[in-house]
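The values are calculated or read from the model by the stated rules, or taken from the named source; none is laboratory data. All values derive from a computational prediction rather than experimental measurement. Cβ: placed from backbone, ideal geometry, glycine included. Neighbour counts: every protein chain shown.
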Amino acid sequence: MWTAPWSRGLHPGLRHDVRLRRTRLEMEARERCGCLPVRFYEMSNMQIIDRGVIFDASSVEGPLRVCSFTSLLRLSSGTLLASFRRGSAKDSADGNIIVCESTDEGANWSVISEGFETTFEGLSGEIRSTELAELDDGRLLAVEGWVDRSGGSGVLRDAETDSMPSMHILQDYSSDGGRTWGERRVLKRDAVLSGPVMRLPGRGWLATSEFSHPGTPDRERFHGAYAHFSADGETFEAMVDVVDEDPDIFFYDQRQKVCPRTGRPVALYWTYDNRAESDIEMHVAWGDAETLTWQTPRSMGLVGQIAMPIPLQDGRLLAFYVHRHEPGSLRLIGSADEGLTWDVENELVVYSSSGPGEQGISDETTYDEFWDAMGTWSFGHPTAAVLGDGSLLLAYYAGADESCLSVHWARVEV
């Protein structure tokens with residue numbers, strides 16, 4: 001069956017404190033042997049200097065008050081674009097994408113587009129997620145996750161049959177800064193969009209996807225993570241594997257960014273142990289932009305879910321990630337050695353949930369209960385953009401409960 005990015009829960013039967021202590025011990029060992037870069041102390045300088053709202057769902061009249069699946073793009077002009085899904089629920093057939101614009105480094109935002117065409121090949125559907133990219137000719141590319149909703153409203157997954165509707169990745173283009181869209185194409189059928197579209201310097205663009213392959217008599221069930229390259233932002237080549245086929249460990253929700261210093265892509269994964277039926281620590285892997293190959297993912301030593309990598313010009317690697325277990329929060333953490341170790345002592349809490357503990361994170365939670373829990377989660381989908389002065393603009397969805405979720409921003413000095 002298919003397992004989409006928004007469909008997994010967290011089994012917190014992990015000894016988080018033990019793992020953090022282990023990470024600290026690794027750091028101390030590296031410091032003793034002289035392996036720790038001198039920039040390590042700079043992680044302690046991270047601080048939030050401002051925050052606000054990109055889209056205030058509480059001010060909306062009517063049912064479309066639930067936002068999620070946030071994304072950010074900073075254009076060459078300095079203009080910022082934020083895209084996110086809005087619907088009457090986190091899992092509803094009326095979902096579509098809103099695009100907002102900021103011309104003052106994220107301080108103020110305005111809506112410039114209120115939705116893409118949701119009908120595809122004669123079938124009614126939902127645009128569930130979108131990632132934007134700027135092309136060489138100034139046009140914008142939108143890579144969209146489309147879901148077949150021709151069967152009507154209802155939950156995305158049928159618990160009785162354990163099935164999901166068709167999902168495809170589509171392309172649309174804009175010549176007016178994201179206000180109108182058209183020229184639709186199909187990027188990949190039977191696939192789930194899983195992260196930002198990356199510009200590979202001197203080469204082109206890279207989109208990423210994932211797909212859960214059901215078991216067959218000849219092959220065990222596995223989860224694939226893929227990349228799709230395009231030299232012109234229009235025609236995408238055949239997908240390549242980002243991770244090896246592995247029936248034991250599933251690398252979900254790949255989020256990739258290109259390092260501005262080296263040009264190498266780096267991926268972070270929400271990771272699942274299929275044999276133990278539980279989440280394990282997040283994983284990291286660096287890639288090669290020329291050969292489109294990636295290292296075997298290695299553990300970050302940190303418990304979390306979706307994580308956005310933020311590689312910086314000075315060589316540091318930051319991760320903005322979901323800390324779903326108690327205390328529920330969104331956190332920013334840094335590494336000075338390409339993700340081998342992480343500075344847990346100076347981890348920055350960007351958002352703290354004020355509501356009750358999130359559902360679906362106990363060891364006893366069943367698969368069906370996880371699906372129900374997904375629709376109740378009140379924060380998530382962290383994303384980021386590096387601003388002109390080197391500070392970060394972080395974005396995410398959050399709210400008091402799942403009935404009203406807004407899109408928030410925080411500016412962080414690093």
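Which strands (runs of 3 or more DSSP E) sit wholly inside the range 123-228 and have at least 2 residues that are at pLDDT below 95?
Hits in the range 123-228: 204-213.
A single member of E160, E134, E183 is under 30 Å from S391 (Cβ atoms), of a type in the set (D, E) and either in contact (Cβ under 8 Å) with a residue 24 or more places away in the chain or loosely packed, with under 13 Cβ neighbours inside 10 Å (or both), and it is E134. Taking (1) surrounded by 19 or more Cβ atoms within 10 Å (Cβ to Cβ); (2) touching a helix residue (DSSP H, G or I) at 6+ places or on another chain (Cβ under 8 Å); (3) charged (D, E, K, R) in turn, R331 satisfies each apart from (2). If you go through the range 59-81 and keep only what is under 21 Å from I112 (Cβ atoms) and exposed (fewer than 13 other Cβ atoms within 10 Å of the Cβ), you end up with S59, E61, G62, S76, S77, G78. The test for being within 20 Å of Y321 (Cβ to Cβ) and in contact with a Cys (Cβ under 8 Å, 6 or more places away or on another chain) holds for V266.
Every listed requirement among (1) of a type in the set (A, V, I, L, M, F, W, C); (2) farther than 24 Å from R74 by Cβ; (3) assigned to a loop (DSSP other than H, G, I, E, B); (4) touching a residue at least 12 places away in the same chain (Cβ under 8 Å) is met by F250 save one, (3). Flag set for G388, criterion: within 17 Å of A82 (Cα to Cα), modelled with pLDDT of 60 or more and in a loop (DSSP other than H, G, I, E, B). Taking the conditions exactly as written (hydrophobic (A, V, I, L, M, F, W, C), crowded, with 19+ Cβ neighbours inside 10 Å, in contact with a Pro (Cβ under 9 Å, 6 or more places away or on another chain) and in contact (Cβ under 8 Å) with a residue 24 or more places away in the chain), does L140 satisfy them or not? Answer is no for this residue. Does the range 254-293 hold any residues that are of a type in the set (G, A, S) and assigned to a loop (DSSP other than H, G, I, E, B), and which are they? Listed by number, the residues that qualify are G263, A276, A289. Close contacts from the range 400-414, counting a first residue that is on the phi < 0 side of the Ramachandran plot and a second that is of a type in the set (K, R) and surrounded by fewer than 21 Cβ atoms within 10 Å (Cβ to Cβ), with Cβ to Cβ under 6 Å and a gap of 6+ residues or different chains, come to C404/R65; A410/R51. Flag: E105 matches the condition of being more than 22 Å from F229 (Cα to Cα) and either crowded, with 24+ Cβ neighbours inside 10 Å or touching a residue at least 12 places away in the same chain (Cβ under 8 Å) (or both). Screening P214, P309, P265 for residues that are surrounded by fewer than 24 Cβ atoms within 10 Å (Cβ to Cβ) and in contact with a Phe, Trp or Tyr (Cβ under 9 Å, 6 or more places away or on another chain) leaves exactly one candidate, P214. Regarding the range 115-131, can at least one residue be identified that is among the aromatic types (F, W, Y) and either more than 29 Å from I310 (Cβ to Cβ) or in contact with a Lys or Arg (Cβ under 6 Å, 6 or more places away or on another chain) (or both)? Yes, the range 115-131 has at least one match.
The residues in the range 110-122 that are assigned to a loop (DSSP other than H, G, I, E, B), in contact (Cβ under 8 Å) with a residue 60 or more places away in the chain and buried (at least 19 other Cβ atoms within 10 Å of the Cβ) can be counted, and the count is 1.
If a residue has to be under 19 Å from A395 (Cα atoms), of a type outside the set (A, V, I, L, M, F, W, C) and part of a loop (DSSP other than H, G, I, E, B) to count, how many in the range 296-329 make the cut? Total satisfying the criteria: 4. Determine whether T23 is of a type in the set (S, T, N, Q), modelled with pLDDT of 60 or more and either surrounded by 18 or more Cβ atoms within 10 Å (Cβ to Cβ) or more than 26 Å from T341 (Cα to Cα) (or both). So T23 does not fit the description; no.
Every condition in (1) within 20 Å of L193 (Cα to Cα); (2) crowded, with 24+ Cβ neighbours inside 10 Å; (3) in contact with a Phe, Trp or Tyr (Cβ under 6 Å, 6 or more places away or on another chain); (4) modelled with pLDDT of 95 or more holds for W270 except the one numbered (4). What tally of residues in the range 48-63 results from selecting those that are assigned to a strand (DSSP E or B) and within 22 Å of the chain's Cα centre (by Cα)? Count: 6. Within the range 134-149, none of the residues are of a type in the set (D, E, K, R) and within 30 Å of E347 (Cβ to Cβ).
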